[in-house]
Amino acid sequence: GAVVSQHPSWVICKSGTSVKIECRSLDFQATTMFWYRQFPKQSLMLMATSNEGSKATYEQGVEKDKFLINHASLTLSTLTVTSAHPEDSSFYICSARDRGGTSGRAYNEQFFGPGTRLTVL
Amino acid sequence: GQQVMQIPQYQHVQEGEDFTTYCNSSTTLSNIQWYKQRPGGHPVFLIQLVKSGEVKKQKRLTFQFGEAKKNSSLHITATQTTDVGTYFCAGKNNQGGKLIFGQGTELSVKP
């Protein structure tokens with residue numbers, strides 16, 4: 001399957017600092033990437049949809065000024081958690097959609113990155 | 001808004017027993033996808049169902065999509081310890097194309 005990488009895999013930061021998480025599609029172009037947040041023992045909650053070259057679409061209840069998303073190229077999207085607080089501690093997962101319908105893949109199949117575990121002290 | 005409900009939340013089985021998780025959507029779906037997440041890992045795509053009444057099999061896993069395209073199930077025959085993990089369904093409706101995840105079913109298998 002397609003490969004999506006995320007960096008860093010884990011980060012610990014102090015309250016009030018900002019953290020940037022990168023999501024890259026390594027072997028395909030992703031015009032759309034998605035950012036999810038997963039708290040322990042819970043499901044994935046979609047935070048925002050990131051479209052290359054345009055503003056991200058945020059889900060209801062997600063503060064766009066706190067979670068800055070940039071999708072500057074077809075293979076890279078970044079999520080910046082600004083002024084992080086302990087309640088922002090979570091597992092952040094990105095996914096990239098291969099819209100090309102590459103042979104062997106389901107059309108619109110999403111490929112997930114390995115996730116970034118954020119701990120805010 | 002659209003909701004995707006999944007039951008049960010947890011399932012503990014003896015190795016060799018069967019396992020089923022059910023997924024129900026509040027709205028008609030254009031397709032439904034199933035993912036497996038191992039402890040500490042990230043979701044891994046298993047399959048996508050698109051057609052009404054569709055049934056697909058992957059070895060011991062059988063996936064079904066309901067006639068009304070509002071429900072789905074995943075059945076594992078003769079579970080093995082390697083089946084341990086959380087299974088998520090994720091539905092996509094015709095508006096917006098977002099994937100809405102169910103709560104997941106955590107499967108544990110006792111050897």
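The values are calculated or read from the model by the stated rules, or taken from the named source; none is laboratory data. Since this is a predicted model, take the numbers as computed values, not measurements. FYI the Cβ positions are ideal-geometry reconstructions off the backbone, even for glycines, and counts take in every protein chain you see.
Brief remarks follow.
- Scanning segment B:1-20 for residues that are in a strand (DSSP E or B) and either closer than 25 Å to residue A:92 by Cα or among the charged types (D, E, K, R) (or both) returns B:4, B:5, B:6, B:7, B:10.
- Subset of segment A:19-45 (residues that are crowded, with 16+ Cβ neighbours inside 10 Å, more than 12 Å from chain B (Cβ to nearest Cβ), more than 15 Å from residue A:114 (Cα to Cα) and modelled with pLDDT of 90 or more): A:19
- Single residue of B:65, B:19 found to be among the aromatic types (Phe, Trp, Tyr), away from chain A (no Cβ under 14 Å) and surrounded by 19 or more Cβ atoms within 10 Å (Cβ to Cβ): B:19
Conditions (1) away from chain A (no Cβ under 12 Å); (2) under 24 Å from residue A:114 (Cβ atoms); (3) in contact (Cβ under 8 Å) with a residue 60 or more places away in the chain; (4) surrounded by fewer than 18 Cβ atoms within 10 Å (Cβ to Cβ), marked per residue:
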position	(1), (2), (3), (4)
B:5	no, no, yes, yes
B:8	yes, no, yes, yes
B:33	no, yes, yes, no
B:39	no, yes, no, yes
B:44	no, yes, no, yes
B:48	no, yes, no, no
B:108	yes, yes, yes, yes
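- Filter result for the condition that a residue is hydroxyl-bearing (Ser, Thr, Tyr), within 14 Å of chain B (Cβ to nearest Cβ) and surrounded by fewer than 19 Cβ atoms within 10 Å (Cβ to Cβ), over A:119, A:49, A:57: A:57
- Filter result (part of a strand (DSSP E or B) and surrounded by 13 or more Cβ atoms within 10 Å (Cβ to Cβ)) within segment A:2-18: A:4, A:5, A:6, A:7, A:11, A:13
- Checked against the criterion of being within 28 Å of residue B:103 (Cβ to Cβ) and aromatic (Phe, Trp, Tyr), segment A:19-31 has no qualifying residue.
- Any hit, segment B:89-106, residues being surrounded by fewer than 16 Cβ atoms within 10 Å (Cβ to Cβ), away from chain A (no Cβ under 12 Å) and free of Cβ contacts under 8 Å to residues at least 24 places away in the same chain: yes
- Looking at B:4, B:55, just one residue is modelled with pLDDT of 95 or more and aliphatic (A, V, I, L, M), and that residue is B:55.
- Test result for residue A:68, surrounded by fewer than 17 Cβ atoms within 10 Å (Cβ to Cβ), in a strand (DSSP E or B) and without any contact (Cβ under 8 Å) to a residue 40 or more places away in the chain: yes
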